[in-house]
Amino acid sequence: MNTRYMILSVLCLLSLLSAGAQNSREKVELLAIEGTLAVFSSEGFADNKKDALENSKMAVLRKLLYDGVEGINDGIPIATLDIETNLWLKGFFTGKYPAYKNFTGDIELVGDFDNAPTGEVHCQSNVMIKYKLLMTQAQTNGVMANAGGGMSQPAAPANVSQEPASQPKKSWGKRNF
């Protein structure tokens with residue numbers, strides 16, 4: 001009986017260490033904020049280059065939702081309510097039309113792809129996120145506290161540039177709808 005508990009304990013410990021290692025690989029840092037957009041430095045790992053870039057985008061959103069990133073929402077995770085049962089979060093990264101794609105913008109590869117010690121393709125990238133839209137949708141879908149609260153410009157860390165968004169020029173000419 002003792003051997004059984006010992007084996008079970010070792011398996012639980014290994015799974016916790018594996019999960020912790022996965023999270024530590026996802027290094028995400030806020031680089032700049034401009035209007036409703038934020039640019040983050042992120043890393044991605046996958047079996048191929050395309051998926052590594054996509055995983056870099058998802059890493060930013062996972063950090064914002066579940067761990068928090070300094071400079072956005074006071075470093076507090078966006079998803080704080082109803083995390084296990086919320087349908088919006090359950091389909092956020094999966095399915096035919098995953099919700100996370102609504103919140104990602106451009107991605108820029110920094111440097112070149114390389115191979116991680118695990119044999120996976122690794123990349124460093126800068127990812128643009130529509131963070132105001134993400135926070136609004138999180139409130140609307142009931143996973144963020146302070147629903148209906150003000151959405152002030154986040155206080156960026158000292159090393160982050162926080163430039164005002166340039167106003168687009170209004171064009172009242174021909175439009176294609």
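Quick check on K63: is it in contact (Cβ under 8 Å) with a residue 24 or more places away in the chain, closer than 19 Å to F45 by Cβ, among the basic types (K, R) and in a helix (DSSP H, G or I)? I'd like the intermediate steps shown before the answer.
Values: in contact (Cβ under 8 Å) with a residue 24 or more places away in the chain: yes; closer than 19 Å to F45 by Cβ: yes; among the basic types (K, R): yes; in a helix (DSSP H, G or I): yes.
When the stated conditions are applied, K63 passes them.
Scan the stretch 57-80 residue by residue and report those that are of a type outside the set (S, T, Y) and open to solvent by 60 Å² or more (accessible area, probe 1.4 Å). Don't jump to the end; show me each part of the working.
As a first pass, look at the stretch 57-80 and keep what is of a type outside the set (S, T, Y): 57-65, 67-79.
If the condition is that a residue be of a type outside the set (S, T, Y) and open to solvent by 60 Å² or more (accessible area, probe 1.4 Å), then R62, D67, E70, D74, I76 are the ones that fit.
Between E34, E26, the distinction of being more than 23 Å from F93 (Cβ to Cβ), at pLDDT 55 or above and touching an Asp or Glu at 6+ places or on another chain (Cβ under 7 Å) belongs to E34 only. Would you be able to say whether some residue in the stretch 41-56 is modelled with pLDDT of 95 or more, under 14 Å from L134 (Cβ atoms) and open to solvent by less than 50 Å² (accessible area, probe 1.4 Å)? Scanning the stretch 41-56, I find no residue that is modelled with pLDDT of 95 or more, under 14 Å from L134 (Cβ atoms) and open to solvent by less than 50 Å² (accessible area, probe 1.4 Å), so the answer is no. A count restricted to the stretch 76-130 and to residues that are β-branched (V, I, T), within 30 Å of A145 (Cβ to Cβ) and assigned to a strand (DSSP E or B) stands at 4. Put simply, of T118, T94 the only residue that is open to solvent by 60 Å² or more (accessible area, probe 1.4 Å), touching a residue at least 12 places away in the same chain (Cβ under 8 Å), over 18 Å from V28 (Cβ atoms) and hydroxyl-bearing (S, T, Y) is T118.
The values are calculated or read from the model by the stated rules, or taken from the named source; none is laboratory data. All values reported here derive from a predicted model rather than from experimental measurement. So basically every Cβ, Gly included, is an ideal-geometry build from the backbone, and we count neighbours across all protein chains shown. Ligands, DNA and RNA are excluded from the accessible area calculation, which covers all protein heavy atoms including side chains. Shrake-Rupley method; radii C 1.70, N 1.55, O 1.52, S 1.80 Å.
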